[in-house]
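S.K.: Supplied in structure tokens, the structure appears directly below.
Each value in this text was obtained by applying a stated rule to the coordinates, not by laboratory testing. Quick caveat, the model's predicted, so the values are computed rather than measured. Neighbour counts are summed over all protein chains in view; Cβ atoms, including those assigned to glycine, are modelled from backbone coordinates with ideal geometry.
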Amino acid sequence: MPSQCGVTVTFAGSGDAFGSGGRFQACVHLQPAGPAVPAGSAAPAPVLLDCGATSLPALRRCGLDPGGIAAVFVSHLHGDHFGGLPFLILDAQFAGRTAPLVVAGPAGTGQRLTEALECMFPGSSRVRRRFAVEVTELDPGGPGLPGGPAVVAEVQAQAFQASHPSGAPALILRLTLGGRVIAYTGDTAWTPAIAAAAAGADLLIAEAYYWDKAVPHHLRHADLAARREELTARRTVLTHMSADMLGHQEQACHETAYDGLVLRV
Ligand SMILES: [Zn+2]
Ligand SMILES: [Zn+2]
């Protein structure tokens, strides 16, 4: 009997902003398992965690249909995390999409998405489409406290405050879908909110930008190793690695992602 719980996690993009290691920018595809009953019912629609500028080729290389994505959860408004949205939206427009696309991100997401569309494809933010782009801005709550959960495309989403300037609040995300909990740091310096977001999660997807070199506003492997006992997720996978971190992968205290990695949680 197939289980009706579970999520297939595909790291379409596991890289940093600069293509280190030849990798695509941040883009993780989450496909919840289909319900067992009623028989023949469609599987729930997949969602993305982040949509960096390179995400369309990244998804296609994995054989994943960008047109099937119901929602994109955006951790923060840097180009390597949300810069693929104009391409995703225009591709859907040209493909005749009719189902709405939800973009859930921090406060300011609606305005920045409009600006990105206008900058890259003038007029594209005002064109009439056969599908709606619905923006949901997630509340990150206060220090150490998550915002109230929002339900977006059948996914329960909680946001926590990250420590990463991006012209808008940056979020650490905790999603519940397919009966599983998946936490995602996005980009952030170490903050106790990471441990809160990942508490008891089935999977933590964590930035590991550098091995141990102190860089502002980002997580290092050294931070995750030092805080290992505070991180109670069942499984942790490292992503967003610089060339420096990629060179230390075999010494890492957690699994490391690569483009095309598929996990079932
Ligand atoms: Zn980044
Ligand atoms: Zn960033």
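S.K.: Which net charge results when you count Lys and Arg as +1 and Asp and Glu as -1 among the other residues whose beta-carbon is under 12 Å from that of residue 31?
M.R.: Computed value for this residue: +1.
S.K.: Label region 157-265 by shape, choosing from rounded, prolate and oblate, from the square roots a ≥ b ≥ c of the eigenvalues of the Cα gyration tensor; if a/c is under 1.5 it is rounded, and otherwise prolate applies when a/b is larger than b/c, oblate when it is not.
M.R.: oblate
S.K.: Now for a different question. Please compute the net charge surrounding residue 89, taking Lys and Arg as +1 and Asp and Glu as -1 over other residues with Cβ under 10 Å from its Cβ.
M.R.: Summing Lys and Arg as +1 and Asp and Glu as -1 gives +1.
S.K.: Okay, moving on. Whose amide H sits under 5 Å from the amide H of residue 6, counting only residues 5 or more places off or on another chain, with H placed in the peptide plane?
M.R.: Residues meeting the amide H criterion: 33, 179, 180.
S.K.: Whose amide H sits under 5 Å from the amide H of residue 134, counting only residues 5 or more places off or on another chain, with H placed in the peptide plane?
M.R.: It is 101, 102, 103, by chain and number.
S.K.: While we're here: Using only helices, what value at 222 nm comes out for the chain when you add -39,500 (n - 2.57) per DSSP H run of length 4 or more and divide by the total residues, to the nearest 500 deg cm²/dmol?
M.R.: Helix contribution divided over all residues of the chain: -5000 deg cm²/dmol.
S.K.: Would you work out the relative contact order for the chain, in percent, from Cα pairs under 8 angstrom that are 6 or more residues apart?
M.R.: 18 percent
S.K.: Where is the GNM fluctuation largest for the chain (alpha-carbon springs, 10 angstrom cutoff): 68, 142, 13?
M.R.: It is 142.
S.K.: Another one. Report the label-to-label distance for residue 264 and residue 43 in nanometres (one decimal), using points 7 Å from each Cα along the Cα→Cβ vector.
M.R.: The two pseudo-label positions are separated by 1.0 nm.
S.K.: Oh, and also: Expressed in nm to one decimal, what extension gain is obtained for the pair residue 150 and residue 18 from 0.36 nm per residue of sequence separation less their Cα-Cα distance? Numbers along the way, then the final one.
M.R.: Numbers: separation 132, 0.36 × 132 = 47.52 nm, distance 3.21 nm.
Here the segment from residue 150 to residue 18 would lengthen by 44.3 nm.
S.K.: Once phi is turned into ³J(HN,Hα) by the Karplus curve 6.51 cos²θ - 1.76 cosθ + 1.60 with θ = phi - 60°, what whole-Hz value does each residue of region 257-265 show in order, with x for glycine and proline?
M.R.: For region 257-265, the Karplus curve yields 7, 8, 4, x, 5, 10, 10, 10, 10 Hz.
S.K.: With the crude spin-label approximation of a point 7 Å out along Cα→Cβ, what separation in nm comes out for residue 126 versus residue 98?
M.R.: Here the modelled spin labels are 2.8 nm apart.
S.K.: Let me ask something else about it. State, to one decimal in nm, how far the label point of residue 243 lies from the label point of residue 134, with both points 7 Å from Cα in the Cβ direction.
M.R.: Taking the simple label geometry, residue 243 and residue 134 are separated by 4.5 nm.
S.K.: Using the Cβ atoms and a cut-off under 13 Å, what net charge is assigned to the surroundings of residue 66, where Lys and Arg are +1 and Asp and Glu are -1?
M.R.: Values: positive: 60, 61, 97; negative: 65, 91.
Taking every Cβ under 13 Å from that of residue 66, the sum is +1.
S.K.: Please list, in chain and number order, the residues 5+ apart from residue 24 or on another chain whose amide H is under 5 Å from its amide H, with Hs placed from the backbone.
M.R.: Residues meeting the amide H criterion: 14, 15.
S.K.: Normalised by the number of residues in region 93-166, what is the relative contact order in percent for Cα pairs under 8 Å and 6+ residues apart?
M.R.: Details: 99 pairs, mean separation 22.8, N = 74.
31 percent.
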